Amino acid sequence: MRALVPVHLTPLELPLLLVSTPAGFPSPAQDDMEEPIDLGDWLVEHPAASYVMRVEGYSMSGAGINDGDLIVVNRAKKPRAGHIVVALVHGDRTLKRLARREDRLLLVAEAEGYGEIVVDEHVEVWGVVVGLARRYA
């Protein structure tokens, strides 16, 4: 297992358009600009307690998290049912949604073909996923 180090941010401000972009029907283009945005600052709320990890596998594709994506994991955020978390299961890392069924906590995949994992003494919720980055093309 590789050593993990917290995120170190180097500010990089990019222009942010004042208008949103509809993902449905097109709308007339406008060129209004907001203040620049620093994507690192926007994605990482607690730099000293945050890590960026690359996703391997497809068990969370139903949640929009795919193989090769980068996730921002916050160890300061308290995990709750419904959060997507990184957990250690018998010492191995996994990415799943934390769910509560009856009186038990489970780690649940967001794709078919993966079993549920009962959160017991062999499972440690390591951090909560708070951001996602993906490159296209």
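The values are calculated or read from the model by the stated rules, or taken from the named source; none is laboratory data. These numbers come from a predicted model, not from an experiment. Just the protein is used for accessible areas: all its heavy atoms, side chains included, with ligands, DNA and RNA removed. Shrake-Rupley method; radii C 1.70, N 1.55, O 1.52, S 1.80 Å.
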Per the C-alpha gyration tensor (a ≥ b ≥ c, the square roots of its eigenvalues), the range 37-137 is rounded if a/c is under 1.5, else prolate if a/b beats b/c, else oblate; here it's oblate
Could you provide, to the nearest whole Å², the per residue accessible area of the range 62-128 with probe 1.4 Å?
-> 57 Å²
